[in-house]
Amino acid sequence: MAQKRDYYEVLGVSKSASEQEIKSAYRKMAIKYHPDKHLNDTEEQKKEAEEKFKEASEAYSVLSDPEKKSRYDQFGFAGVDGGAGGAGGFTGAGWENVNDILRDLFGGGFGGFGGFDFGGFGGFGGDDGARGGRRVYRGRDIRTRVKLTLAEINAGCDKEISLERNVPCPDCGGKGAVKDSDIKECPSCHGSGQIKRVVSGLFGMRTVQYSTCQQCGGEGKIISNPCKSCNGTGLVRKRQTVKVHIPAGVQDGMQITVRGEGHGARNGGVNGDLLLVIEEIPSREYKRNGADLLYTQILTISQACLGCEVQIPCVDGTTHRAKVDAGTQSGTMTKLRGKGLPRIDAYGRNNGNGDLYVRYIVYIPKKVSREEKELLQKLDQSENFQPVEKNNDDRSFFDRLKHIFD
Ligand SMILES: [Zn+2]
Ligand SMILES: [Zn+2]
């Protein structure tokens with residue numbers, strides 16, 4: 001697929017469209033681009049309709065799911081498929097909504113969808129996902145958390161995730177029986193796993209419906225002597241390590257979908273996805289607000305009075321030499337432009353960096369010696385050490401910055 005189009009654009013609705021408007025927009029497109037409507041088209045036209053149909057279905061799967069919609073609104077494609085690009089990793093509630101509409105429109109069982117392959121979109125979820133009348137298994141998704149430091153979030157990183165997952169049984173190759181002769185074709189459905197029925201559908205078309213075969217439970221096969229290692233399930237549990245790339249600029253709570261790294265499926269089906277929920281390890285040095293960071297630099301009384309030079313640690317590991325003016329007030333903020341975290345735009349692209357705010361705080365000792373007390377009292381007698389009304393320029397500057405990190 002070429003450049004992905006904005007989901008709202010695909011469905012032809014505005015960003016403020018209601019749930020109902022989104023639903024009816026998708027409904028119209030599903031009717032228009034459904035393969036049954038293009039049976040007499042050229043191959044090229046069929047292909048185009050299929051692409052349009054898939055594109056609309058993907059858009060609707062996201063926009064019809066409140067959680068995904070809000071992530072998409074906030075992070076674009078990165079929010080819903082981890083910024084991997086292409087048609088990646090949509091599972092769960094959104095696809096159920098797609099299924100509901102299609103079932104309403106075209107009847108149960110997805111009878112007419114023979115030529116369609118939704119596998120590229122993460123399938124229609126669950127172990128029972130049937131398509132094209134043939135049962136294709138899809139492994140379950142695995143959801144896990146991944147903890148990241150701010151430095152890792154800043155640079156992006158590769159993580160090794162250890163997880164226990166179902167993999168095809170090595171002894172029977174996922175078939176559930178060691179010998180092929182122990183697997184027999186189901187006599188009821190003749191191996192298809194489904195019972196076919198022709199019914200009159202919408203638009204005066206005849207629709208083929210399928211229901212799961214009762215005798216074999218949709219397997220299409222009957223196993224007489226199950227594999228001992230997996231009890232005929234075709235799957236065994238294994239602890240494995242998965243290498244995952246985490247893009248820079250992610251936020252706490254974001255979910256990244258790694259396609260095909262979830263549980264395996266039996267009978268050569270497709271793997272589920274690995275869903276990684278980002279957990280940000282709170283930083284001791286910085287406070288984060290989106291792509292901006294706040295760092296607090298403590299000054300001694302004399303540093304603040306006389307001015308000095310300080311080393312500000314940046315999140316990328318470098319240090320920034322900053323000049324502190326003589327007479328710097330406690331609470332003064334300065335901004336190091338572009339020294340914050342990468343900013344991900346609505347399409348998952350890096351759109352420059354946030355800023356690093358530095359706040360200066362003057363350290364006041366809790367206890368002083370008698371000698372120090374005398375020195376301070378002496379200073380206090382100097383007129384120069386009496387507070388004066390701050391000028392308005394300073395005040396508005398503080399007011400602007402004060403609440404950024406509250
Ligand atoms: Zn086995
Ligand atoms: Zn059967």
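The values are calculated or read from the model by the stated rules, or taken from the named source; none is laboratory data. What you are looking at is a predicted structure, and each value in this text was computed from that prediction instead of being measured. Here the Cβ positions follow ideal geometry from the backbone for every residue, glycine too, while neighbour counts run over all protein chains shown.
When residues in the range 249-292 are screened for being within 17 Å of Ala78 (Cβ to Cβ) and acidic (Asp, Glu), 3 of them pass. Residue by residue through the range 202-227, note down the ones that are more than 38 Å from the chain's Cα centre (by Cα), farther than 26 Å from Asn271 by Cβ and away from ligand 2 (no atom under 11 Å from the Cβ). Phe203, Gly204, Met205, Arg206, Ser224, Asn225 - these are the residues of the range 202-227 that are more than 38 Å from the chain's Cα centre (by Cα), farther than 26 Å from Asn271 by Cβ and away from ligand 2 (no atom under 11 Å from the Cβ). Restricting attention to the range 163-190, and to residues there that are over 39 Å from the mean Cα position of the chain (by Cα) and acidic (Asp, Glu), which single residue is surrounded by the most Cβ atoms within 10 Å (Cβ to Cβ)? Step by step, filter the range 163-190, then rank; the result is Asp182.
For the range 144-162, filtering for residues that are hydroxyl-bearing (Ser, Thr, Tyr) and over 17 Å from the mean Cα position of the chain (by Cα) leaves 2.
Restricted to the range 192-201, and to residues that are over 29 Å from Val167 (Cβ atoms) and touching a residue at least 24 places away in the same chain (Cβ under 8 Å), which residue is nearest to ligand 2 (Cβ to nearest atom)? Filtering the range 192-201 for residues that are over 29 Å from Val167 (Cβ atoms) and touching a residue at least 24 places away in the same chain (Cβ under 8 Å), the one nearest to ligand 2 (Cβ to nearest atom) comes out as Lys196. For the structure I just gave you, tell me whether Tyr8 is out of contact with any Ser or Thr (no Cβ under 6 Å at 6 or more places or on another chain) and farther than 30 Å from Arg206 by Cβ. Spelling it out, Tyr8 is indeed out of contact with any Ser or Thr (no Cβ under 6 Å at 6 or more places or on another chain) and farther than 30 Å from Arg206 by Cβ. Among the residues of the range 30-44, those identified as assigned to a loop (DSSP other than H, G, I, E, B) and at pLDDT 75 or above are His34, Asp41, Thr42.
Report yes if Gly260 is exposed (fewer than 13 other Cβ atoms within 10 Å of the Cβ), at pLDDT below 95 and outside the structural domain of Ser70 (by TED's automatic domain parsing), otherwise no. Before you say what the answer is, go through the steps one by one.
Details: exposed (fewer than 13 other Cβ atoms within 10 Å of the Cβ): no; at pLDDT below 95: yes; outside the structural domain of Ser70 (by TED's automatic domain parsing): yes.
For Gly260, the condition - exposed (fewer than 13 other Cβ atoms within 10 Å of the Cβ), at pLDDT below 95 and outside the structural domain of Ser70 (by TED's automatic domain parsing) - is not met.
Based on this model, can you work out whether Ser211 counts as surrounded by 13 or more Cβ atoms within 10 Å (Cβ to Cβ), part of a loop (DSSP other than H, G, I, E, B) and of a type in the set (Gly, Ala, Ser)?
Numbers: surrounded by 13 or more Cβ atoms within 10 Å (Cβ to Cβ): yes; part of a loop (DSSP other than H, G, I, E, B): no; of a type in the set (Gly, Ala, Ser): yes.
Judged against the criteria, Ser211 is not a match.
Name the single residue, out of those in the range 332-373 being aromatic (Phe, Trp, Tyr) and more than 21 Å from the chain's Cα centre (by Cα), that is nearest to Gln297 (Cα to Cα). So the residue we want is Tyr360. Which residues, counting only those in the range 180-208, are within 16 Å of ligand 1 (Cβ to nearest atom) and either of a type in the set (D, E, K, R) or assigned to a helix (DSSP H, G or I) (or both)? Matches in the range 180-208: Asp180, Ser181, Asp182. When you check Ala291 against the structure, is it buried (at least 20 other Cβ atoms within 10 Å of the Cβ) and among the aliphatic types (A, V, I, L, M), yes or no? No: the conditions fail for Ala291.
Residues of the range 164-179 that are touching a Pro at 6+ places or on another chain (Cβ under 9 Å) and either small (Gly, Ala, Ser) or in a helix (DSSP H, G or I) (or both): Gly174, Gly176, Ala177.
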